[in-house]
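For reference, the structure is listed below as structure tokens.
The values are calculated or read from the model by the stated rules, or taken from the named source; none is laboratory data. Bear in mind that the values here come from a model prediction, so they are computed numbers and not experimental data. No Cβ is skipped: glycine too gets one built from the backbone with ideal geometry, and neighbour counts run over all protein chains shown. Please note that ligands, DNA and RNA were not included when accessible areas were found on the heavy atoms of the full protein model with its side chains. Shrake-Rupley method; radii C 1.70, N 1.55, O 1.52, S 1.80 Å.
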Amino acid sequence: MAPKTPIPPAAWSRIALFAMDVDGILTDGTIHVSADGTETKTFSVLDGLGLVRLAAAGVVTAWISGRHSGATTVRGAELKIPHLVQGKNDKLSVLCELAAQHRLDASQIAYMGDDDIDAPAIAWAGIGVSVPTAMPSALAAAGYVTARPAGLGAVREICDLILASRHDTGNGK
């Protein structure tokens, strides 16, 4: 799916913070819960490498999840995500706190989400992003909807757009 209106490379190149929801963005939204209460999730290595490359290029990343999850904590630690916020449904409030902490304005922030609780943050960010399977409110707020599905490279698609706008692939090229 293409952006609703073309987002110029200059807008992508201003992004200094890429924040996102977890379930339904970094995963396909499925949570596996065993009888003993253990939880597993599936994360894409494509997305992981994109986030590592963004960090190498100096872009700050943040995960903002409405629920606590050990699987999210472990994956966030593996990728060295500097801002991992769990159990917060007011995503916009968290995003504004991060913006203030890093002295950024909305035009320097991309936010990616898929549900009603993400819509205000999507709408506020300089570049609001969602995925094709998102809820209508998230899709309506987004300026860009990924071609790739959630949990299967959607985050990488955005990482690559940010890096390409800087002519930086995050791997020295």
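Observations
- Subset of the range 93-124 (residues that are under 14 Å from His83 (Cβ atoms) and free of Cβ contacts under 8 Å to residues at least 24 places away in the same chain): Ser93, Glu97, Ala100, Gln101
- Among the conditions (1) at pLDDT 95 or above; (2) within 20 Å of Val129 (Cβ to Cβ); (3) not in a loop (DSSP other than H, G, I, E, B), Ala10 misses just one, which is (1).
- Of the candidates Ala77, Ala100, Ala119, the single residue that is farther than 11 Å from Met20 by Cα, aliphatic (A, V, I, L, M) and surrounded by 19 or more Cβ atoms within 10 Å (Cβ to Cβ) is Ala119.
- Positions within the range 29-71 being charged (D, E, K, R), modelled with pLDDT under 95 and closer than 20 Å to Val131 by Cα, in sequence order: Lys41, Arg67
- Members of the range 127-147 that are in contact (Cβ under 8 Å) with a residue 24 or more places away in the chain, open to solvent by 20 Å² or more (accessible area, probe 1.4 Å) and more than 13 Å from the chain's Cα centre (by Cα): Pro132, Thr133, Gly143, Ala147
One line per residue, one yes/no per condition, for (1) touching a Phe, Trp or Tyr at 6+ places or on another chain (Cβ under 8 Å); (2) of a type in the set (S, T, N, Q); (3) within 20 Å of Leu49 (Cα to Cα):
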| site | (1), (2), (3) |
| --- | --- |
| Asn89 | no, yes, no |
| Ser93 | no, yes, no |
| Gln108 | no, yes, no |
| Met112 | yes, no, yes |
| Gly126 | no, no, no |
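- Test: residue in the range 133-143 that is in contact with a helix residue (DSSP H, G or I) (Cβ under 7 Å, 6 or more places away or on another chain) and within 26 Å of Ala56 (Cβ to Cβ): no
- Those residues of the range 33-68 which are in contact with a strand residue (DSSP E or B) (Cβ under 8 Å, 6 or more places away or on another chain), surrounded by 20 or more Cβ atoms within 10 Å (Cβ to Cβ) and among the small types (Gly, Ala, Ser), in sequence order: Ala62, Ser65
- Selection within the range 103-115 - surrounded by fewer than 24 Cβ atoms within 10 Å (Cβ to Cβ) and farther than 12 Å from Ala142 by Cα: Arg103, Leu104, Asp105, Ala106, Ser107, Gln108
- Per this entry, Gly24 is not counted among residues that are assigned to a loop (DSSP other than H, G, I, E, B) and open to solvent by 30 Å² or more (accessible area, probe 1.4 Å).
- Summed over the range 145-158, residues that are assigned to a loop (DSSP other than H, G, I, E, B), in contact with a helix residue (DSSP H, G or I) (Cβ under 8 Å, 6 or more places away or on another chain) and of a type in the set (A, V, I, L, M, F, W, C) total 2.
- Counting only strands (runs of 3 or more DSSP E) that sit completely within the range 52-144, those holding 1 or more residues that are of a type in the set (Gly, Ala, Ser) and within 17 Å of Cys159 (Cα to Cα) correspond to 60-65, 109-112, 127-130.
- Of the set (1) open to solvent by less than 10 Å² (accessible area, probe 1.4 Å); (2) within 12 Å of the chain's Cα centre (by Cα), all apply to Arg156 but (1).
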